[in-house]
1. Taking region C:1-32 as the search range and keeping residues that are in contact (Cβ under 8 Å) with a residue 40 or more places away in the chain and surrounded by 22 or more Cβ atoms within 10 Å (Cβ to Cβ), which one is nearest to the other protein chains (Cβ to nearest Cβ)?
2. Among the residues of region B:75-96, how many are facing chain A (nearest Cβ under 9 Å) and not in a loop (DSSP other than H, G, I, E, B)?
3. Can you name the residue in region A:45-62 that is surrounded by 17 or more Cβ atoms within 10 Å (Cβ to Cβ) and within 14 Å of another protein chain (Cβ to nearest Cβ) and, of all such residues, is nearest to the chain's Cα centre (by Cα)?
4. Considering region B:48-65 alone, what residues qualify as being buried (at least 17 other Cβ atoms within 10 Å of the Cβ) and outside any helix (DSSP H, G or I)?
5. Of the residues B:144, B:197, which single one is closer than 27 Å to residue B:218 by Cβ, surrounded by 22 or more Cβ atoms within 10 Å (Cβ to Cβ) and either within 14 Å of another protein chain (Cβ to nearest Cβ) or modelled with pLDDT under 95 (or both)?
6. Considering only residues that are part of a loop (DSSP other than H, G, I, E, B), farther than 30 Å from residue C:152 by Cα and within 14 Å of chain A (Cβ to nearest Cβ), which ones fall in region C:177-229?
7. If only one of A:91, A:149, A:98 is surrounded by 24 or more Cβ atoms within 10 Å (Cβ to Cβ), in a helix (DSSP H, G or I) and either at the interface with chain C (Cβ under 8 Å from one of its Cβ atoms) or touching a residue at least 12 places away in the same chain (Cβ under 8 Å) (or both), which one is it?
8. Please go through (1) within 12 Å of chain C (Cβ to nearest Cβ); (2) closer than 30 Å to residue C:32 by Cα; (3) without any contact (Cβ under 8 Å) to a residue 40 or more places away in the chain for residue A:132 and return the number of the only condition it doesn't satisfy.
């Protein structure tokens, strides 16, 4: 009885999560004139006859004219390079902050944390200046390099590294292994869960980031998915729900794929991160 | 491990070399970069593509690069680009921004002899002036008019009284249908408001005499009209998505850009377009896109040539249609459309430009819009709301009148 | 060696965080419209923001809106996350499935979130009013009634509580089963176990979510932007500025009203405020622990 009521509650809560999602899917395969119905309709049926009337035309449009095809490829490329590179930069720094004493280390760490709280929107223009000075404006590098590290990720990784028993590393160091070897062979393999968390959160962030690509890119050939999607949303004719939803559905597919791959690791990872500070 | 480090090292090296930015800025050889709003429709995209190719054919060796940006994000992006000295060669510029950009030297003055000024609609051309000088060419012009549902409104109202009467009748006949989708106290509503004020013979400001006039009786009456209309047009109905298109509001105010969209998405809707009802004189708002050349352009001559090409008698008809408006060149052919166009053209003849006050966008959004809303929600009378807003505007602009 | 490993991150930090932050700080003391050179005005931006209600008529309104939003959205999101986590943790079969379903809202693109929720909240066609109608509650005009805007926004944020849910779930898994078993032997009912065991054991998790949640809520921007933009309308923050969050207000002055200097000043006011709030939270926790 108790178990049954738990399942009922879960199904209801999941419905709240899933129904908007289903509406997105349904709208993405509807014809324009079938969208507005007095009674909300989660099935793609003809408004007048009530018959099944699904179409893939919307996908056709957004992938071609809408530019989502190109944008999709660009987004995949950016994330494929950026996410691992960022992970490496962050992990190296986090390891040093966790394990290797050097002068000024803890003060530096506090300064980094304070930097995390500056609202990103204010940094936009000065960051753009820097990116231009580095010659990376309107290029793929301009999407990658200005995002190559994250203080929050360094923080999360450091907290996790601190939980790894130091004896493991000390034993290896005494056996003559170098710091980098210890890092590669002992620390990173033990940190898979937290690496998974950082990977997925940074992937989610960059996959969906709109503002930075908007200001740093001019060339439509370089547009990323959120930019292309925004073109559909902010369209001067008011934005057509069926195109927006087709685009949004396309954008969400890779995220779900990544999520399924990393799901178990993420859960393990979060169990340790940041919570033992 | 090397990739991330290599990238970081690269960044440092580049930083050390100092700011010789080369990525895609203006003026690489004979490439011309032109920023515009994104296409309204795929067809509009094809039109622009054809014009671009024609221009390249007429000017061998020249490449025109069209950068299309969502309208909502355009000014954000442009601000960033100008601040970073990476503005395009030329681009579309919102009418009220032209005077601002002109005054601080961000855009170039139109070279003498580029165009014959008398070949353009005066109202549209004037939106490009600042301090008596011309800083851009009007790409198109547009206006808003009254859309009405023919099933609910057999004949469009001409006067304010008729408007109120028709709206009341519609709502009385069916309580689930609103008489009119009354504008709200937001940026868009505040943008439309001056057209109504002019319809009562008033005006928002006298920018030459530095006087705020929207606390005068004409403006108060205009706002009172909207307040009165709400009685037969509950917001619970009109706040729905696309109330007019879905047949929930018998009338609305919108522009020519909406006509093809409605036809396509709501083929069953039988609607017409008429000039805005007025009290004492027909009036409306002028809107549209201006095109300018940025001071940082290294291809200014070519850029002006491109703008002249866009606004020429041959091309402006198609270009303006692609932008969702009407040609600004007197001789350009209006692209054939439905009967609605007559109403818009009629309206354009009596349309007024926005006040040429550099802070107008801020006044519009931050002062007038909230004032309209406070009257529309009954928190203040129309007079109180506008008196208060006018006082704030005077204070912000440093005007006495 | 330590410095060597930190170097890439440090270079990044200096170039893309510290330098931009310092130049923003400098701009906060200037009058700057992005196009011309910034002109030094000292503390004028800060003073005007707080005291000049002609130049900045909605500054304090945006502060109130943001505080209200934070006070409603953060607890609501955390409660939703905890409830979901407890339920998922209580079942054996289908954990993976439900976890995935409950996580879906997080992965939805922000642009789609705006469109989806405008539709759900629609006074005529919206699903929310339809569902409320089934239980006899009259439909509301959610996004156009000033008093309802913040709760409506907070509800969307609670809908997207998936990450917090996973974090809570991880916290729950970290509670040793022996403690619960001991409590059962002592005769504690489910309710008592929740308050006596689960809640105290989750304290670090709750604290982490509270601190990061408050920081994020004080900077809420994307959500209000997508909800109130679109349809070619300018974003002025919803009916009677009831959805004008602090960062949206900042954004409008930075990019719409040509006052980047004032916008920078706003961001430093916010920064100081966030630091104070975070410090207070830490102190509070230390006292509790002591």
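1. The residue in question is C:24.
2. Residues in region B:75-96 being facing chain A (nearest Cβ under 9 Å) and not in a loop (DSSP other than H, G, I, E, B): 6 in total.
3. By that ranking, first place goes to A:62.
4. B:62, B:64, B:65
5. Numbers: B:197 fails: either within 14 Å of another protein chain (Cβ to nearest Cβ) or modelled with pLDDT under 95 (or both).
B:144 is the lone residue from the list that is closer than 27 Å to residue B:218 by Cβ, surrounded by 22 or more Cβ atoms within 10 Å (Cβ to Cβ) and either within 14 Å of another protein chain (Cβ to nearest Cβ) or modelled with pLDDT under 95 (or both).
6. Passing the criteria: only C:189.
7. Exactly one residue qualifies, and that residue is A:91.
8. Against the list (1) within 12 Å of chain C (Cβ to nearest Cβ); (2) closer than 30 Å to residue C:32 by Cα; (3) without any contact (Cβ under 8 Å) to a residue 40 or more places away in the chain, residue A:132 comes up short only on (1).
The values are calculated or read from the model by the stated rules, or taken from the named source; none is laboratory data. For clarity, every value in this text was computed on a predicted model and none was experimentally measured. Here Cβ is always computed from backbone atoms with ideal geometry, including for glycine, and neighbour counts include all displayed protein chains.
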